[in-house]
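Structure first, then comments.
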Amino acid sequence: MIITIIILSITTIVFGFSTINLLRKNEAYEDAVTEQEKLVSEIASKVDESMSRMKEVDQLGSFEADDETGFIFKNLYEIISELEKYYGTQEEE
């Protein structure tokens, strides 16, 4: 009877420590994800601001029509749309 109580006590202590350890790791991962989401959000706003400024500078569309700079415009549009898709789904949750 005493051996059973000792074994159960040790098992309970081990499970308690492992649960606390997993909780700490989970909180650390959540903090890392929050920091990464903040970074991506800041980058998305900077890209969006850059695109607005580029459009402002290129009012006639001559840069956008050019092959080399048009490629950059198209890539920036794709980046912005992908970031907006990501953040659009995050805000709904």
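The values are calculated or read from the model by the stated rules, or taken from the named source; none is laboratory data. The model shown is predicted, which means the values in this text are computed figures rather than measured ones. In this analysis, Cβ positions are derived from the backbone assuming ideal geometry, glycine residues included, and neighbour counts consider all displayed protein chains. With ligands, DNA and RNA removed, areas are computed over all heavy atoms of the protein, side chains included. Shrake-Rupley method; radii C 1.70, N 1.55, O 1.52, S 1.80 Å.
Take the Cβ atoms of Lys38 and Phe71, set R0 to 41 Å, and the FRET efficiency comes out at 0.85. Applied to region 19-35, the Karplus parametrisation 6.51 cos²θ - 1.76 cosθ + 1.60 on θ = phi - 60° returns per-residue 3J(HN,Hα) values of 5, 5, 4, 5, 5, 5, 5, 4, 5, 5, 5, 4, 5, 5, 5, 4, 5 Hz, with x for Gly and Pro. Residue order by solvent-accessible surface for Arg53, Arg24 is Arg24, Arg53, largest first, with ligands and nucleic acids left out and a 1.4 Å probe. If R0 equals 22 Å, the separation of the Cβ atoms of Tyr86 and Glu49 corresponds to a calculated FRET efficiency of about 0.80.
What the Cβ-Cβ distance of Ile79 and Glu56 gives, at R0 = 22 Å and to the nearest 0.05, is a FRET efficiency of 0.75.
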